[in-house]
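A short worksheet on the structure shown next.
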Amino acid sequence: MENSVVSLKEHKEKEFVAPDIADIRMEWERVRPGIEKILADTPQLTFLPEDVYSECVNDRATLLTSPAGFVILTTESDPFTRDRTLLIWLAYMYVKNTNSWLDHVEWFEGVARGLKCKFIEMRSAVPKMEAYAFRNGWNLDTRVYTREVADE
């Protein structure tokens, strides 16, 4: 993923500081609290902070950091069409109510093109994200409803 990320100089927005690829080993103390907050706010997620660490260390996900926050990206392939998707797996802003990562979709599109991805995907259980996403050119693909099976 490292060679395909759009550089800071190529991005035209003045306020936006494109994130840099970072080594999660070096950034762990800084990003772990954000990952823990995401997991605390989204209890249906089944992974641990250490799972995120492992995915990054083993090059199955990539941590990008900026002064505003961090984002962890990964790619997925459709098993039938082989179309690749850039997944915005986790995104965290250090200061709440500031620019969302989604305000910079052009940057993500550059990353996706570099990785030969046909789609960009984000997932969120936050209801406010839906209205924001719709206003900013995202489409709803599916909703997932689950029900726990009761013990007999």
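What the table shows:
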item	result
The chain shape via C-alpha gyration tensor axes, a/c threshold 1.5	rounded
Built amide H within the under 5 Å cut-off of residue 121, gap 5+	86, 87, 88
Shape category assigned to the stretch 65-152 from the gyration tensor of Cα positions, a/c cut at 1.5	oblate
Karplus (6.51, -1.76, 1.60) ³J(HN,Hα), θ = phi - 60°, over the stretch 126-135, in Hz, Gly and Pro reported as x	7, x, 5, 5, 5, 4, 4, 4, 4, 5
For the chain, built as a Gaussian network whose Cα springs stay under 10 Å, the top-fluctuating residue of 101, 28, 89	28
Amide H contacts of residue 17 (H built 1.01 Å from N, under 5 Å, at least 5 apart or other chain)	none
HN-Hα J in Hz across the stretch 20-29 - Karplus 6.51, -1.76, 1.60, θ = phi - 60°, x for Gly and Pro	9, 5, 10, 8, 4, 4, 7, 9, 3, 5
Count of Lys pairs (Cα-Cα under 21 Å; at least 8 positions apart or interchain) in the chain	4
Full-stretch length increase - residue 130, residue 118 - with 0.36 nm per residue and alpha-carbon distance subtracted	2.2 nm
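Each value in this text was obtained by applying a stated rule to the coordinates, not by laboratory testing. All figures in this text were calculated on a predicted structure; none of them were measured in a lab.
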